[in-house]
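J.: Have a look at this one before I ask anything.
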Amino acid sequence: MAEIVSLPEAVTAAVHDGDTVAMEGFTHLIPFAAGHELIRQGRRDLTLIRMTPDLIYDQLIGAGCARKLIFSWGGNPGVGSLHRFRDAVEHGWPVPLELEEHSHAGMANRYVAGAAGVPFAVLRGYNGTGLAGGSAATIRPITCPFTGETLTAVSALRPDVAVIHAQRADRAGNVQFWGITGVQKEAVLSSQRAVVTVEEIVDSLDGRPDAVVLPAWTVSYIARVPDGAHPSYALGYSARDNEYYSNWDAISRDREMFTQWLDDIR
């Protein structure tokens, strides 16, 4: 059952050096505060999983937390490249970064397979692309036993830890989030441990159309962190900080400016 603790306590208990960590949230509810706590605690050799690595993983990669990235797209939304990501790949700074690239559909299906407890998912999306050659260990052709068609199997994702942000949790440890939702539910269900930061903790969750509820038994630790998705947003609680995304381009381009940013958040 979920324990309600502080964010530093949750990260200390759930995330260890060498872990495979999925931090999900699409445009909305991105768990930035938790990512910054990983940096403060100096986690190393992490395999980071995210469908859309953006600033949160640029920061973790630049801080030297990651040894590998499993992803399907990377960039600063509406601005441009991730310069700490590029520096790690092109120059090995601060440490070399191994890459495993998939399509969005492939990543989503890998989470679904992990959540369902099956070893792989099957789809057509890789046929005719170069992705299979780049990530061959997790992508394999498979013959349909019913039609004989050649399809693609992608191995299930089963992270050590999932980290997400949500609008609220109740005191029993049930989590509720709504708005633009991505694969947060599947990431939590496929992982051995889950950390959820929330805007608030309430006595009980109200009924809300299209809301996702994660029952307490699927979550390991909950931490109340108001504005924990900043500079992304939490629908009904905060707005997206577009200036932060624009300013990040200059900060991340320059190692000295980035190092100063690291010193400031630590």
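J.: Can you name the residue in region 1-27 that is outside any loop (DSSP other than H, G, I, E, B) and among the small types (Gly, Ala, Ser) and, of all such residues, is most open to solvent (accessible area, probe 1.4 Å)?
T.: Looking at the filtered set, the residue picked out is 13.
J.: Can you find a residue that is open to solvent by 30 Å² or more (accessible area, probe 1.4 Å), in contact with a strand residue (DSSP E or B) (Cβ under 6 Å, 6 or more places away or on another chain) and part of a loop (DSSP other than H, G, I, E, B) anywhere in region 38-46?
T.: yes
J.: If the requirement is being in contact (Cβ under 8 Å) with a residue 12 or more places away in the chain, buried (at least 18 other Cβ atoms within 10 Å of the Cβ) and farther than 19 Å from residue 247 by Cβ, which of these qualifies: 56, 49, 61?
T.: 49
J.: From the list 30, 49, exactly one residue is in contact with a helix residue (DSSP H, G or I) (Cβ under 9 Å, 6 or more places away or on another chain), assigned to a strand (DSSP E or B) and under 25 Å from residue 110 (Cα atoms). Which is it?
T.: 49
The values are calculated or read from the model by the stated rules, or taken from the named source; none is laboratory data. Source: prediction; values computed, not measured. Don't worry about glycine lacking a Cβ; one is built from the backbone with ideal geometry, like all the others, and counts go over all protein chains shown. To get the accessible areas, we keep the full protein, side chains included, count just its heavy atoms, and leave off ligands, DNA and RNA. Shrake-Rupley method; radii C 1.70, N 1.55, O 1.52, S 1.80 Å.
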